[in-house]
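Throughout, read-outs are computed from the coordinates displayed, never taken from laboratory work. Quantities reported herein were computed from a predicted structural model and do not represent experimental measurements.
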Amino acid sequence: MRITKQQLRRMVIQEMRNVRRQKRLQEGSANRPIRVTPQLLNRIIKEEYAAFSKRQRLAEARKRKIAIIRRRRIAEARRRRSNRNFY
């Protein structure tokens with residue numbers, strides 16, 4: 001999957017918001033701003049991609065589970081309908 005410029009920008013902005021909320025980077029201030037290095041940016045991208053992939057896998061698993069349940073219900077309804085005894 002290719003990441004577009006817009007998606008990358010959104011991911012970086014979101015990560016920086018998360019960092020600010022969690023106050024993990026105490027050294028970042030007006031006097032000592034945090035420099036975004038290529039390594040930091042790559043780490044952020046890898047983490048975001050891993051989280052995205054995990055969400056996708058979970059969503060696909062949920063869809064498969066729902067599809068299996070639907071098929072079972074339909075099959076059960078057909079069995080019930082075919083097993084009716086007419087007197």
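Once the chain from V36 to A67 is taken as fully extended at 0.36 nm per residue, the excess over their C-alpha distance is 6.7 nm.
Overall dimensions of region 5-82, expressed as equivalent-ellipsoid semi-axes from the Cα gyration tensor (√(5λ), whole Å, largest first), are 48, 12, 8.
Extension gain for R55-R81 works out to 5.5 nm (0.36 nm per residue, less the C-alpha to C-alpha distance). Couplings 3J(HN,Hα) of region 6-19, computed from phi: 5, 5, 4, 4, 4, 5, 5, 4, 4, 5, 5, 4, 4, 5 Hz, in residue order, whole Hz [Karplus 6.51 cos²θ - 1.76 cosθ + 1.60, θ = phi - 60°; x for Gly and Pro].
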